[in-house]
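J.: So that we are looking at the same thing, I have put the structure below in structure tokens.
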Amino acid sequence: MAQDEVRADRRYTKDHEWAKEDDGVVLVGITAYAVDQLGDITLVNVDVKPGDTLTAGKAFGTIESVKTLSDLFAPVSGRVERVNAELESRPELVNDDCYGKAWMIAVTPSDKSELEPLLDAKAYTELLKTAAH
């Protein structure tokens with residue numbers, strides 16, 4: 001996995017979601033490593049809508065690929081502000097741009113300190129090294 005596939009501007013979960021703070025909201029998506037493990041994405045199903053409340057560590061949807069079906073987990077608790085509706089009709093965006101256009105949800109965190117225990121880029125890179133063996 002290329003080093004540039006772990007971005008320094010976000011935090012990561014051990015379940016391979018990323019969280020990027022942007023103007024008071026946290027954008028959430030899955031990492032390049034997760035995309036690589038899943039293969040071609042065929043369906044993104046987000047089970048929350050704007051106004052819903054998320055709990056960190058709880059599933060907010062599923063992602064399906066030619067290989068498997070996986071849960072998507074919220075990295076922080078808070079209120080859902082936006083859902084990326086484009087992924088419903090274009091799930092392949094996750095394969096094409098998992099760190100950009102394929103963000104999944106935007107959340108206003110109920111406690112910004114929940115971002116702190118998430119992995120930074122260096123710690124996530126170390127996690128990936130152990131996952132590769």
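The values are calculated or read from the model by the stated rules, or taken from the named source; none is laboratory data. Only a predicted model underlies this, so the values are computations on that prediction, with no experimental measurement involved. Positions of Cβ are backbone-derived with ideal geometry, glycine not excepted, and every protein chain shown enters the neighbour counts.
J.: Considering (1) at pLDDT 95 or above; (2) in a helix (DSSP H, G or I); (3) farther than 15 Å from Ile30 by Cα, say which one Tyr124 fails and leave the rest.
T.: So Tyr124 meets the others, but not (3).
J.: State yes or no: is Gly51 small (Gly, Ala, Ser), surrounded by fewer than 20 Cβ atoms within 10 Å (Cβ to Cβ) and at pLDDT 95 or above?
T.: Against the criterion (small (Gly, Ala, Ser), surrounded by fewer than 20 Cβ atoms within 10 Å (Cβ to Cβ) and at pLDDT 95 or above), Gly51 qualifies.
J.: Could you run through the range 18-47 and say how many residues are in a strand (DSSP E or B) and either farther than 15 Å from Leu69 by Cα or of a type in the set (S, T, N, Q) (or both)?
T.: Looking only at that region, the number is 12.
J.: Taking the options Val83, Val76, Val94, name whichever one is aliphatic (A, V, I, L, M), surrounded by 13 or more Cβ atoms within 10 Å (Cβ to Cβ) and under 15 Å from Asp36 (Cα atoms). Break it down stepwise before answering.
T.: Numbers: Val83 fails: under 15 Å from Asp36 (Cα atoms); Val76 fails: under 15 Å from Asp36 (Cα atoms).
That would be Val94, the only listed residue that is aliphatic (A, V, I, L, M), surrounded by 13 or more Cβ atoms within 10 Å (Cβ to Cβ) and under 15 Å from Asp36 (Cα atoms).
J.: Still on this structure, I have one more. Can you work out which of the residues in the range 98-113 that are surrounded by 14 or more Cβ atoms within 10 Å (Cβ to Cβ) and free of Cβ contacts under 8 Å to residues at least 60 places away in the same chain is nearest to Pro50 (Cα to Cα)?
T.: The selected residue is Ser110.
J.: Additional query: With the condition kept exactly as written, say whether any residue in the range 114-121 is among the small types (Gly, Ala, Ser), in contact (Cβ under 8 Å) with a residue 40 or more places away in the chain, over 23 Å from Pro50 (Cα atoms) and in contact with a strand residue (DSSP E or B) (Cβ under 8 Å, 6 or more places away or on another chain). Spell out the reasoning first.
T.: First, pick out the residues of the range 114-121 that are among the small types (Gly, Ala, Ser): 121.
Remaining after also requiring in contact (Cβ under 8 Å) with a residue 40 or more places away in the chain: 121.
Cutting the leftovers down to over 23 Å from Pro50 (Cα atoms) gives us 121.
When the remaining residues are screened for being in contact with a strand residue (DSSP E or B) (Cβ under 8 Å, 6 or more places away or on another chain), the result is 121.
Looking for residues that are among the small types (Gly, Ala, Ser), in contact (Cβ under 8 Å) with a residue 40 or more places away in the chain, over 23 Å from Pro50 (Cα atoms) and in contact with a strand residue (DSSP E or B) (Cβ under 8 Å, 6 or more places away or on another chain), one finds at least one in the range 114-121, hence yes.
J.: Taking the condition among the acidic types (Asp, Glu) and part of a strand (DSSP E or B), does Asp71 pass?
T.: Against the criterion (among the acidic types (Asp, Glu) and part of a strand (DSSP E or B)), Asp71 qualifies.
J.: For the structure I just gave you, tell me whether Ala56 is farther than 19 Å from Val6 by Cβ and surrounded by 14 or more Cβ atoms within 10 Å (Cβ to Cβ).
T.: yes
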